[in-house]
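Report on the structure given below.
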Ligand SMILES: *Cc1c(COP(=O)(O)O)cnc(C)c1O
């Protein structure tokens, strides 16, 4: 313990900050144990799917060109399908990010004249241009797909009357975003999502339901595909990539939906048959294997942060004690200086680019300056410890990730140290 304190001290963390952290940790034993249990369950689920599909060294061989008969790629898709309990899966490095995966899923399963419904309010920023809520070339709107939205009620619950009224003859696909993203609403639990799906299907049994599963994978022991979703969609540089996948996205769902997605991603007639793995299979398999424990570490970090900052008077979403359904933590720091200090700490604790200083910056697509801290092995990876936020009231930093709990802990302690050093917090 003395040696650890010395090491931390040499890295810039004072004994006062360290001890404040240890006091908070004492209150978290039971919650961390519950997270470990979920990780154990999900670890077994992943290993069991890998065993069932006889994963072997042959699966890690690189393919190039068309990628016909790519054993590793096809088997990885069966592993994903088994973990998510779906008929089929499309898991590809050719899917460049979460937005791309969602775009493929939507545009493959919506035709001109169809209507898309979001019963949970405005979707994630990047999806707004995909749908055409903000006009954009090649949006679904341009192709004649209309869009309807039902906002959540004041208290964050589903507006069932509004949803019943919004579902109509044209409603083809319903999109549900699991994580709050950069909104202030709560993240939905899988069981809440299940209730919403059941309600929608009771009104229109043949409607397709897609869940944007970003940041939610492996936080619970069940996934939205266990409660009726026809497609679950996400990014491999978030939870399911386990920090090792250098690129990629996934769509797990019914055979009919996934077939269409494959035809949309490559070409009609080609579908899942083409798409070389380019030597990425080891990282995609091994990342998926590590993902349950990586997600557990990230979630512990989020809870630790809320339990450090909330007692100091900073509002945290989710708060220090509520249950969690994704890995994102928002901390309202109340000032630009607070956001800068927090992000400096996250950056200073990173294994990569720790020498860089994050500063507020103008970013395309944002009205306010944005600050970002990230020192990641994979560019933009947000399963790695990262923080960002727009410089505007309530000056909230959104942070997430941490490939190991100890890195997340160090990052959060360092953020608090920078707040103390800047005179913004007194312990
Ligand atoms: C990150 C995210 C996306 C988009 O993923 P990218 O990989 O950044 O394109 C979509 N929806 C939600 C809820 C997300 O968190």
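The values are calculated or read from the model by the stated rules, or taken from the named source; none is laboratory data. In this text the structure is predicted, and so the values were computed from the model without any measurement. Note that we place each Cβ from the backbone using ideal geometry, even for glycine, and neighbour counts take in every protein chain shown.
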Q: Look at residue 406 and say whether it is surrounded by fewer than 23 Cβ atoms within 10 Å (Cβ to Cβ), out of contact with any strand residue (DSSP E or B) (no Cβ under 9 Å at 6 or more places or on another chain) and not in a loop (DSSP other than H, G, I, E, B).
A: yes
Q) Can you spot a residue in the stretch 58-75 that is in contact (Cβ under 8 Å) with a residue 24 or more places away in the chain, within 16 Å of the ligand (Cβ to nearest atom), in the same structural domain as residue 233 (by TED's automatic domain parsing) and not in a loop (DSSP other than H, G, I, E, B)? A) no
(Q) Take the conditions within 11 Å of the ligand (Cβ to nearest atom), at pLDDT 95 or above and closer than 21 Å to residue 131 by Cα and apply them to residue 233. Does it pass? (A) yes
**Q.** Residue count, the stretch 157-178 (criterion: free of Cβ contacts under 8 Å to residues at least 60 places away in the same chain and either outside any loop (DSSP other than H, G, I, E, B) or within 20 Å of the chain's Cα centre (by Cα) (or both))
**A.** 11
(Q) Would you confirm whether or not the stretch 93-103 contains a residue that is more than 15 Å from the ligand (Cβ to nearest atom) and in contact with a helix residue (DSSP H, G or I) (Cβ under 9 Å, 6 or more places away or on another chain)? (A) no
**Q.** Test: residue in the stretch 179-202 that is farther than 22 Å from residue 222 by Cβ, free of Cβ contacts under 8 Å to residues at least 40 places away in the same chain and more than 16 Å from the ligand (Cβ to nearest atom)
**A.** no
Q.
Please pick out the residue among 408, 356, 387 that is modelled with pLDDT of 95 or more and under 15 Å from residue 338 (Cβ atoms).
A. 387
**Q.** Single condition residue 246 does not satisfy, out of (1) without any contact (Cβ under 8 Å) to a residue 60 or more places away in the chain; (2) within 16 Å of the ligand (Cβ to nearest atom); (3) surrounded by fewer than 24 Cβ atoms within 10 Å (Cβ to Cβ)
**A.** (1)
Q.
Which condition from (1) assigned to a helix (DSSP H, G or I); (2) under 17 Å from residue 242 (Cβ atoms); (3) within 16 Å of the ligand (Cβ to nearest atom) is the one that residue 127 breaks?
A. (2)
Q: Specify which of the listed residues (383, 371) is more than 21 Å from residue 99 (Cα to Cα), assigned by TED's automatic domain parsing to the domain that holds residue 35 and surrounded by 14 or more Cβ atoms within 10 Å (Cβ to Cβ).
A: 371
